[in-house]
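In what follows, a single structure is set out as structure tokens and then discussed.
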Amino acid sequence: MTGAISTARSTFNNRLYAVDKASSTIVRLAPTGSSWGKPEPWLTSPSATVPTNPLFMTLDGSVYLATSSSVYKYYRGEQQPFLFSVEPALESPRSFALALHAPLLALVDARNRIIVLNKGDDKKENGGRVQAQLIHAQWKNLQDAVIDAKTKIVTVLADGRIQQFTLPSF
């Protein structure tokens, strides 16, 4: 490990996860007092593909990385099949988050849309399928989105305002 940690990082169960850009691997750091310990390799498979410059990372037991054009999934140290493909193509992702109460991911891009992805399960079921693309004529500068599938509410940050609407069925 060289310490060249990417800006895509996240915490889960009191541990910090990040991409070590120099070695193209995912590392995990445990807390040590008011700091973080030494980075330890998290991936167990040497054949796993890890992007060197991911833009976003989110975790729920699985690790998800979003780049400018793709999404990658890892579980228990191994890369998982993830069949992400969207038309029109992904453009300058702005945020990436897990949906609440559902096996979904929300990816916001510069086309002012929310791309809703099925994350699959942890038993190597293929995830990444686009469930919906949400757009709204009033969104001129969509920055972030949170989906609560239980209440069917989508909360967005667009044009400096927080807006909510009901999640359409899909």
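The values are calculated or read from the model by the stated rules, or taken from the named source; none is laboratory data. Being a predicted model, the structure only gives us computed values, none of them experimental. In this analysis, Cβ positions are derived from the backbone assuming ideal geometry, glycine residues included, and neighbour counts consider all displayed protein chains. We work out accessible area using only protein heavy atoms, side chains counted, and drop any ligands, DNA or RNA first. Shrake-Rupley method; radii C 1.70, N 1.55, O 1.52, S 1.80 Å.
Structure summary
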{"read-out": "Extension gain from residue 45 to residue 166, taking 0.36 nm per residue of separation minus the Cα-Cα distance", "value": "39.5 nm"}
{"read-out": "Highest-MSF residue in the chain out of 107, 98, 157 [GNM, Cα springs under 10 Å]", "value": "157"}
{"read-out": "Under the Karplus curve 6.51 cos²θ - 1.76 cosθ + 1.60, θ = phi - 60°, whole-Hz ³J(HN,Hα) for the stretch 8-16, x wherever Gly or Pro sits", "value": "7, 8, 7, 10, 7, 6, 6, 10, 9"}
{"read-out": "Between the stretch 70-116 and the stretch 136-168, the Cα center-to-center distance that results, in Å", "value": "16 Å"}
{"read-out": "Extension gain from residue 52 to residue 87, taking 0.36 nm per residue of separation minus the Cα-Cα distance", "value": "10.2 nm"}
{"read-out": "Residue 155 accessible area, assembled protein chains, probe 1.4 Å, Å²", "value": "40 Å²"}
{"read-out": "Counted charge near residue 110, where neighbours are those whose Cβ lies closer than 12 Å (Asp, Glu -1; Lys, Arg +1)", "value": "+2"}
{"read-out": "Cross-link pairs beyond the 32 Å C-alpha cut-off, checked among 73/152; 38/150; 38/119; 73/150; 21/152", "value": "38/150; 21/152"}
{"read-out": "Cα pair count fraction exceeding 26 Å, expressed as % - the stretch 1-142", "value": "24 percent"}
{"read-out": "Translational D in µm²/s for the stretch 67-170 (Stokes-Einstein at 37 °C, 0.692 mPa s, Kirkwood Rh from C-alpha pairs)", "value": "234 µm²/s"}
{"read-out": "Size of charge dipole - the chain - debye, nearest 20, with Cβ of Lys, Arg +1 and Asp, Glu -1, no other charges", "value": "140 debye"}
{"read-out": "Cut-off under 5 Å, modelled amide H: who pairs with residue 99 long-range", "value": "104, 105, 106"}
{"read-out": "Accessible-area value, residue 135, 1.4 Å probe, nucleic acids and ligands omitted, Å²", "value": "130 Å²"}
{"read-out": "Accessible-area order (highest first, 1.4 angstrom probe) of the listed residues 73, 38, 140", "value": "38, 140, 73"}
